[in-house]
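Worksheet: one structure, shown below.
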Amino acid sequence: MVEALRPDDIVGAGLCIGCGGCAAAMRMDRDGLWKPEAGTPGGADFAAQCPFSPAAANEDVLAAERFPVAPARSDLLGRFESTWVGHVAEQAFRTNGSSGGMVSWVAAELLRTGAVDAVAHVAPVADPQADGRFFSYRLSREAGEIAGGAKSRYYPVELSAVIAAIRATPGRYAVVAVPCFIKALNLLRRTDPVIGERVTHLLGLFCGHQKSARLVDSFAWQLGTPIARVRAVDYRIKDATRPANWYRAHLTLDDGSARAEDWWHLADGDWGAGFFQNPACDWCDDVVAETADVAFGDAWVEPYSSDGRGTNVVIARSPEIHAMIAGAVAEGRLALTPVDAAFVEQTQAAGFRHRREGLAYRLTWRRGEKLRPVKRVAPSAAGLPLRRRLVYRMRYMIARDSHRLARVALRTGKPGIYTTWARKVLSVYRALAWSHGRLGVWVDRVLPDRRVR
């Protein structure tokens, strides 16, 4: 019965995203993913609060509660007041961020105007080797502190300590998070009056999927340095002279030196292939944080994707955030241009395809006796060409087997076990998905469907 649902059931079904909303104690598992401690109590409250629970309210229900008078709605974007493309024009927000600086600007503006007393956001930890992780949530109470959490962090984090801190100290709080964490907080707000009163603003990040901590191990292996020497990680070094979508991984070592490499030279450098993806991400249908007051992503279309300075697309859902942004645009503080929903959808086309068409296909797979996800997308493989099905199957396999091979590499001290496999499987994936190389030419002959993957 759903009323008896436990965190262990969600974990066992591969549906736990590790948000920390259900447990006071979280642990990082052998694959570098956060999980609640075994035996954490469940029950009706948990069933209603877990973002991947079959009994939890979905994003459509939550958005209708939060934004009942929103003037616009899209099947892919959800409810919203306005949509924008551009960047921050004032100070160094754009320079310091991975994209156009809008996430940090809105967070800092909420603090500056007194709309909130603190912002919960992800930032680097001071001593990752002692802490056992490279990033975690922290609370910032001054606008100037927000800069320390700027830039994209593709690293597993969890909310349990932040939730405890909010419960312990009265005030108004904003939280910056990915869509499933935003959903978890909205579900918690429904049943926990303290969180409902104190968490007043939710700032969402567009999300393709979450990576495990093993991705940093892989960076270290491929850049020829022991993970014990790594003191800082930057997933996206910004260079105004290069296109924004030319990611470059960067590690800072204990002696102050650095190692860096472009993602396309890495064995696992194709983001969409799914290396080290959290298994729960394959059962998510929210790309753009549909239940957040405002959501931010990268403008992955030309001419913006070639602009190394970075450009955001922004979805304002609450009237308050819409008014804040529109006012700052009028004052020249933000260089944003209104766009329509179709433009924003185009910037995230690959993510929507994987989370809607791909999810519908994955929902048709047999999962034995495991808990079955309940999503807004109906199970279906109708009209899906064989090649597309193989792409989705291969992504699922890569996400699963990358963790398995990394375990062996860590246990034996032989990184090549993982990296050799990763390079070979990536070449096959690129041939199948993008027609790369000689194998891609052969695949085109046998499976001629060459639509963008």
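The values are calculated or read from the model by the stated rules, or taken from the named source; none is laboratory data. In this text, all values refer to a predicted model and were calculated from it rather than measured experimentally. In this analysis, Cβ positions are derived from the backbone assuming ideal geometry, glycine residues included, and neighbour counts consider all displayed protein chains. We work out accessible area using only protein heavy atoms, side chains counted, and drop any ligands, DNA or RNA first. Shrake-Rupley method; radii C 1.70, N 1.55, O 1.52, S 1.80 Å.
Tabulated results
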item: Spin-label model distance (nm) - Ala349 vs Glu320, 7 Å beyond Cα toward Cβ; result: 3.7 nm
item: Accessible-area composition of the chain, carbon plus sulfur, in percent [1.4 Å probe]; result: 54 percent
item: Amide hydrogen neighbours beyond the local backbone of Val374, cut-off 5 Å, H modeled; result: none
item: Area of Arg393 that stays accessible when all protein chains are in place (1.4 Å probe, Å², to 10); result: 110 Å²
item: Over the chain - Rg/Rh using Cα atoms and the Kirkwood inverse-distance radius; result: 0.94
item: 5 angstrom amide H check on Arg172, placed H, neighbours 5+ away; result: Asp117, Ala118
item: Value of Rg/Rh across the range 170-233 [Cα atoms, Kirkwood radius]; result: 1.21
item: For Ser53, solvent-accessible area (1.4 Å; no DNA, RNA or ligand), Å²; result: 10 Å²
item: For Asp270, residues with placed amide H under 5 Å, excluding near neighbours; result: none
item: Distance cut-off 26 Å, percentage of C-alpha pairs in the range 31-177 lying past it; result: 41 percent
item: Evaluated over the range 10-73, the Cα radius of gyration and Dmax, each in Å; result: 14.6, 46
item: MRE, 222 nm, helices only [DSSP H, n ≥ 4, -39500 (n - 2.57), over the chain, to nearest 500]; result: -10000 deg cm²/dmol
item: Cβ-derived FRET efficiency at R0 51 Å, Thr169 paired with Asp262, nearest 0.05; result: 0.75
item: Per residue accessible area of the range 284-399, 1.4 Å probe, in Å²; result: 40 Å²
item: Length released on extending from Ala44 to Ala25, taking residue separation times 0.36 nm less the Cα-Cα span; result: 4.9 nm
item: Kyte-Doolittle mean at least 0.0 and Cα axial length at least 20 Å: DSSP H helices in the chain; result: 416-434
item: Separation between Cα centres of the range 230-259 and the range 274-325, rounded to whole Å; result: 22 Å
item: Among the listed pairs Lys211/Lys370; Lys151/Lys183; Lys151/Lys211; Lys151/Lys238, those beyond 18 Å (Cα-Cα); result: Lys211/Lys370; Lys151/Lys183
item: Efficiency of FRET from Cβ geometry, Met397 and Ala92, R₀ 35 Å, rounded to 0.05; result: 0.25
item: Pair Arg367, Val69: separation of 7 Å Cα→Cβ label points (nm); result: 3.9 nm
item: Packing-based order for 266-273, 373-380, 435-442, using average beta carbon neighbours within 10 Å, highest first; result: 266-273, 373-380, 435-442
